[in-house]
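What follows draws every value from the coordinates through simple rules; no lab data is involved. Computed from a predicted model, the values in this text were never measured in an experiment. Ideal geometry is used to build each Cβ from the backbone, glycine not excepted, and the neighbour counts take in all protein chains shown.
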């Protein structure tokens with residue numbers, strides 16, 4: 001078929017012509033730089049946020065985050081940035097590789113600079129999205145465009161494709177309740193951001209986390225706040241409809257796989273009252289009453305964080321001992337009666353890969369040990385699966401120990417406190433690995449901070465409250 | 001000429017010609033993984049030497065090596081580690097750009113991660129040079145940003 005062959009030949013010639021005029025052919029002086037230059041308009045500049053550095057000298061002397069009583073801190077001027085509007089969606093990579101380009105003939109070094117000047121954005125976004133969080137924040141200083149990547153839609157998409165392995169821990173220290181010290185288990189390092197993600201006048205405690213966001217409740221149990229500890233994205237939730245501010249247990253889930261699709265927050269009180277907040281509608285909703293199958297009063301274990309598995313939240317209760325669950329999708333409450341292990345204190349729920357776990361202190365004859373149990377679904381019994389290494393437990397022999405569990409999924413941080421000691425340990429449920437956590441010392445400080453409470457969160461640069 | 005390939009696609013090889021005029025052979029199934037190549041094959045037919053003007057003889061063999069392993073399902077963490085072991089940062093960058101041009105997704109993602117790993121401990125200035133990005137902050141702005149994000153610089157000894 002001659003006509004077809006001629007057509008093909010013509011097409012190949014056109015391709016040749018197109019590429020010859022468009023590609024830069026550097027002869028070997030250095031490793032060659034084969035690339036076409038892409039012309040595209042510079043990205044829109046975004047306003048830089050401006051913050052005053054936060055500096056608190058609060059004093060507190062409390063033992064347990066639940067009993068915190070704080071004097072109001074100094075007030076500082078504080079400006080919350082408006083959410084930056086994302087620039088229009090970038091062209092997909094494959095279209096760009098056929099883009100126009102510029103032909104030049106000059107020295108290879110100048111040529112190199114010219115080429116890199118118009119380096120396609122989403123190429124470096126693909127790399128940056130894979131950097132560890134701390135490195136990302138450092139490299140935001142590279143140039144203005146990199147500084148504003150958090151507002152870029154294409155960057156968000158890249159980030160969404162890179163799963164975070166380990167959670168970070170947002171903690172409240174005794175000395176400074178308003179500036180969260182964050183522990184990064186990948187680097188085994190404490191980070192002390194100079195800017196708090198929270199308004200300075202608030203005294204709040206982290207109660208739940210999902211999708212890279214942390215939910216806070218003020219110590220009067222009145223108002224809820226949600227923020228991304230990494231980016232200062234912050235929101236005060238609308239007021240609840242209750243009139244009595246009693247203590248509540250809180251759970252948080254994301255709709256779908258990422259915080260981008262919204263989240264729900266549930267609070268439940270001992271008298272069976274509860275409400276669900278939907279971030280998409282930005283409102284609280286009371287979907288009904290707790291059924292009679294759940295015994296009231298609901299003696300909730302407030303020291304235990306709720307556990308979220310898909311759309312279901314699990315809370316620990318006592319009297320009778322067990323777990324109460326609520327499915328935000330089906331709006332169904334279920335009660336499971338599960339006898340607690342003997343001599344158990346300071347226990348809390350956790351979860352790994354859909355498996356519900358229990359973490360707590362076992363104290364017998366002055367010996368204290370941290371134990372881990374797994375819930376046997378068929379029998380509804382706790383089965384011990386691991387214990388803290390004995391040599392570490394010996395440090396607590398004969399001492400009265402309190403334990404707080406920060407985080408409830410996959411990787412846990414345990415804060416063990418006795419009169420003179422605060423030991424921090426992480427436990428990796430999957431690997432059954434116990435690791436010591438370095439002491440939390442503020443920059444230019446020498447004293448180890450006591451960790452009062454906190455929560456784990458999966459760092460997500462693009463989660464928006 | 002219409003293709004009446006007597007051999008099955010999986011054993012057919014495609015000829016690729018680099019920007020510096022060298023020709024390399026690749027199996028059709030491997031070529032399929034590079035969407036740019038596949039598109040050119042769709043346009044030009046698979047019996048013509050496919051011109052790749054922006055890929056050169058230094059990197060194409062390495063890319064072919066990767067996809068040869070891929071089609072046999074043998075890509076492991078060890079293989080990938082070995083693959084980049086002797087490459088310096090600039091060589092990886094060249095491969096990365098080539099993978100982008102060829103729209104070779106798997107290799108592109110692997111190299112993105114590898115470059116991120118390499119840059120993790122580098123200085124801000126090194127990263128600028130690496131991507132050819134100009135610093136458009138004033139010195140005051142830059143020191144202010146560093147101060148705000150001091151936490152991320154703490155304890156970092158930035159390599160050049």
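The slack in the chain from residue A:270 to residue A:419, taken as 0.36 nm per residue of separation less the alpha-carbon distance, amounts to 50.5 nm.
Bridge orientation summary for the range B:4-113: considering DSSP beta bridges with both residues in this region, about 65 percent are antiparallel. A Förster radius of 45 Å combined with the Cβ-Cβ distance from residue B:129 to residue B:47 puts the calculated FRET efficiency at roughly 0.55.
Ranked by the mean number of other Cβ atoms within 10 Å per residue, highest first, peptides A:220-231, B:71-82 order as A:220-231, B:71-82.
Simple spin-label estimate for residue A:318 and residue B:85 gives 5.8 nm between the two label positions (7 Å along the Cα-to-Cβ direction from each Cα). A Förster radius of 22 Å, combined with the Cβ-Cβ distance separating residue A:246 from residue A:402, puts the computed FRET efficiency at roughly 0.40.
A straight line joining the Cα centroids of the range A:249-317 and the range B:100-138 runs 42 Å. Rounded if a/c is under 1.5, else prolate if a/b is larger than b/c, else oblate: which is chain B, with a ≥ b ≥ c the root eigenvalues of its Cα gyration tensor? Prolate.
Angle of helix B:139-148 to the longest C-alpha principal axis of chain B, folded into 0 to 90 degrees and rounded to 10: 90°.
I want to make sure I understand the PRE zone here: with the label point 7 angstrom from the Cα of residue B:92 toward its beta carbon, which residues in the range B:114-153 have backbone N atoms less than 17 Å away? Counting only backbone N, you get B:114-132.
Exposure proxy ranking for A:209, A:246, B:112, based on other Cβ atoms within 10 angstrom of each Cβ and starting from the fewest, stands as A:246, B:112, A:209. Taking the average, over residues, of other Cβ atoms within 10 Å as the packing measure, peptides B:35-44, B:134-143 rank B:35-44, B:134-143 from highest down.
Inter-chain neighbour count for A:145-153: the average number of beta-carbon atoms from partner chains within 10 Å of each residue's beta-carbon is 1. Arranged from fewest to most other beta-carbon atoms within 10 Å of their beta carbon, A:263, A:397 become A:397, A:263.
Mind checking the angle between helix B:60-71 and chain B's longest principal axis? C-alpha axes, 0 to 90 degrees, to the nearest 10. Long axis of B:60-71 versus the principal axis of chain B: about 70 degrees. Exposure proxy ranking for A:372, A:337, based on other Cβ atoms within 10 angstrom of each Cβ and starting from the fewest, stands as A:337, A:372. Taking Rh as the Kirkwood radius, which is the inverse of the mean 1/r over Cα pairs, what is the Rg/Rh value for the range A:424-465? Ratio of gyration radius to Kirkwood radius for the range A:424-465: 1.07. Compared with the direct C-alpha span, the chain from residue A:377 to residue A:223 gains 51.9 nm at full extension, assuming 0.36 nm per residue. Estimated at 0.36 nm per residue, the fully extended path between residue A:235 and residue A:442 surpasses their Cα-Cα distance by 71.8 nm. With 27 Å as the cut-off, how large is the P(r) tail for the range A:328-465, expressed as percent of Cα-Cα pairs? In whole percent, the long-distance tail amounts to 27. Across peptide A:122-134, the average count of Cβ atoms from other chains found within 10 Å of a residue's Cβ is 6. Take each residue of peptide B:110-118, count the partner chain Cβ atoms within 10 Å of its Cβ, and average: the result is 5.
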